[in-house]
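The values are calculated or read from the model by the stated rules, or taken from the named source; none is laboratory data. Treat the numbers as computed from the prediction; the structure is a model and nothing was measured. Please note: Cβ atoms are built from the backbone with ideal geometry, for glycine as well, and neighbour counts cover all protein chains shown. Heavy atoms of the whole protein, side chains included, go into the accessibility calculation; ligands, DNA and RNA do not. Shrake-Rupley method; radii C 1.70, N 1.55, O 1.52, S 1.80 Å.
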Amino acid sequence: MSSGQDVKILAIESSCDETAAAVVVNGRDVRSNIISSQIDIHTLYGGVVPEIASRKHIERINQVIAKALETAQMPLDQIDAVAVTYGPGLVGALLVGVAEAKAIAYARKLPLIGVHHIEGHINANYIENKELKPPFLCLVVSGGHTHLVQVKDYGVYEVVGRTRDDAAGEAFDKVARAMGLGYPGGPKIEQASYRGDADAIFFPRAKVGGSEFDFSFSGLKSAVLNFINGCRMKNIPVAPEDLAASFQKAVVDVLVEHTMHAAQQYHADQLAIAGGVASNQVLRSSMEAACREQGIRFYYPSPVLCTDNAAMIGTAAYYSFLAGRRDDWTLNAVPNLKLGK
Ligand code: KG4
Ligand code: ZN
């Protein structure tokens, strides 16, 4: 290593619509966290267009990496390893980050560490909560994933529940689109909800047969869409704020109920949330209240570390680095990469 015992990792994330790079020292010390969002472009189409995402990553990745190194005041020759998200995500988008990381690692003769995107989201909790250590239970709720994960140790995960259909964030995005609120839907629905009545409309809380910790959001999404269409056809006015608040409550109720049920079953005394939807204040405060009632310590990352970023990838890579995990030049993008068991 270049100096002392510090491990300085350059991390790259390009799995969806953010081009991101970060410098992370010893896993929890984030020296830079640069995010170039493509949201403005994808908003024009109402969602992420994969081909546009890949092209924008190519255009921006070198500048984003240069900015991350410059902000951290860390030239490449002081970096000890290069980390990159290699799945799950959009294949063309992932490939840009993976090719870039491989090129830098090869040219600089540095170790290369591929990181699972969901592992990154979970590890975001370590950055600001210096005392947090495994084991803990983590609810990962993003645009592409809804997973309940037992974090048994650093880098050791067991998925105990997952969505059978839509991800929680996807449901927010689709409902927001039907309401004409635009993309991404989560923050728009949350803002509208503060002016609405969450008990105005009752939407079903889906139970899934088989696994008690699995989720399903497509029924709820259809119920909301049917409600909107029904009101339009009958010319019944609906307050969008009430609709947003009532839908959000249905999602939050299910997330909290299943997570607390799993916490009891697995005797968790620490619980964390992660992913874009984890920045939702209503989810945070409901989960916090439920944890307080059960005597469980509750953790969550700042909003900027909930949505896609590279700092979380650098944190996850640090624990892989300590465990001796290295990738070789065959590392490839894996769009449907699985986490743990
Ligand atoms: O983690 P993320 O940035 O990307 C994925 O890995 O998918 O999550 C993005 C998702 C989007 O679906 C977005 O609508 C949702 O997170 N989201 C929110 C909020 N902020 C972002 N959902 C609910 N409330 C929010 N405040
Ligand atoms: Zn994500």
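Expressed to the nearest 5 percent, the antiparallel share of DSSP beta bridges inside the chain is 60 percent. Segment Asn336..Asp269, full-extension length gain: 21.0 nm, with 0.36 nm per residue of separation and the alpha-carbon distance subtracted. Here the sum of -39500 (n - 2.57) over DSSP H runs of 4 or more residues, divided by the residues of the chain, equals -14000 deg cm²/dmol at 222 nm, to the nearest 500. From the Cα gyration tensor of segment 1-158, with a ≥ b ≥ c the square roots of its eigenvalues, which class applies: rounded if a/c is under 1.5, or else prolate if a/b is larger than b/c, or else oblate? Cα axes put segment 1-158 in the oblate bin.
Suppose the Debye formula is applied to equal point scatterers at every Cα of segment 74-205; what is log10 I(q)/I(0) at q = 0.10, 0.14 Å⁻¹? Cα-only, vacuum Debye calculation for segment 74-205: -0.50, -0.87. Taking all protein chains as shown and a probe of 1.4 angstrom, Lys152 keeps an accessible surface of around 90 Å².
Among the lysines, select those whose C-alpha is under 27 Å from the C-alpha of Lys109, and discard any that sit fewer than 8 residues away in the same chain. Output for Lys109: Lys8, Lys67.
Fully extending the segment from Asp29 to Gln78 would add 16.1 nm, taking 0.36 nm per residue of separation and subtracting the current Cα-Cα distance.
Each Lys and Arg Cβ is given +1 and each Asp and Glu Cβ -1; about its Cα centre, the chain then shows a dipole of about 280 debye. Scaled against 2.2 N^0.38 Å for its residue count N, the alpha carbon radius of gyration of segment 45-104 is 1.25. Computed over segment 205-306, the P(r) curve from all C-alpha pair distances, binned at 10 Å from the origin, holds 13, 38, 32, 14, 4, 0 percent per bin. Here the label points at Ala178 and Asp6, each 7 Å from Cα along the C-beta direction, are separated by 5.1 nm in the simple model. For the chain, the per residue solvent-accessible surface stands at 42 Å², with DNA, RNA and ligands left out and a 1.4 Å probe. Add +1 for every Lys or Arg and -1 for every Asp or Glu among the other residues with Cβ under 10 Å from the Cβ of Ile79, and state the total. After counting each charged neighbour, the total is 0.
Result for the chain in a Gaussian network model with C-alpha springs under 10 Å: among Leu255, Leu44, Leu148, the largest mean-square fluctuation is at Leu44.
Go through segment 119-171 and name the GluC sites (Glu not before Pro) that are in a DSSP coil and have 13 or fewer other Cβ atoms within 10 Å of their Cβ. Passing sites in segment 119-171 are Glu131. The alpha-carbon positions of segment 144-223 define a convex hull whose volume is 126 Å³ per residue. Label-to-label distance for Glu70 and Asp253 is 5.1 nm, based on points extended 7 Å past Cα in the beta-carbon direction. Here the relative contact order of segment 106-203, from alpha carbon pairs under 8 Å that lie six or more residues apart, stands at 15 percent. Only protein heavy atoms count here; under a 1.4 Å probe, Arg177 has an accessible surface of about 150 Å². The GNM of the chain, with springs linking C-alpha atoms under 10 angstrom apart, assigns the highest mean-square fluctuation among Asp173, Asp77, Asp253 to Asp77. With each label modelled as a point 7 angstrom along the Cα→C-beta vector, the Asp328-Ala107 pair spans 2.4 nm.
Semi-axes of the equivalent ellipsoid of segment 1-73 are 29, 10, 9 Å, computed as sqrt(5λ) over the eigenvalues of the C-alpha gyration tensor in descending order. Segment Asp199..Val159, full-extension length gain: 11.2 nm, with 0.36 nm per residue of separation and the alpha-carbon distance subtracted. In segment 196-296, the portion of solvent-accessible area held by carbon and sulfur atoms comes to 50 percent [1.4 Å probe, whole percent, DNA, RNA and ligands not counted]. Looking only at Gly155, Gly180, Gly314, which one moves most when the chain is put into a Gaussian network model with springs between Cα atoms under 10 Å? Top of the fluctuation ranking is Gly180. Calculation over all alpha carbon pairs of segment 295-341 in 5 angstrom steps from 0 returns a P(r) of 5, 13, 14, 26, 22, 12, 6, 2, 1, 0 percent.
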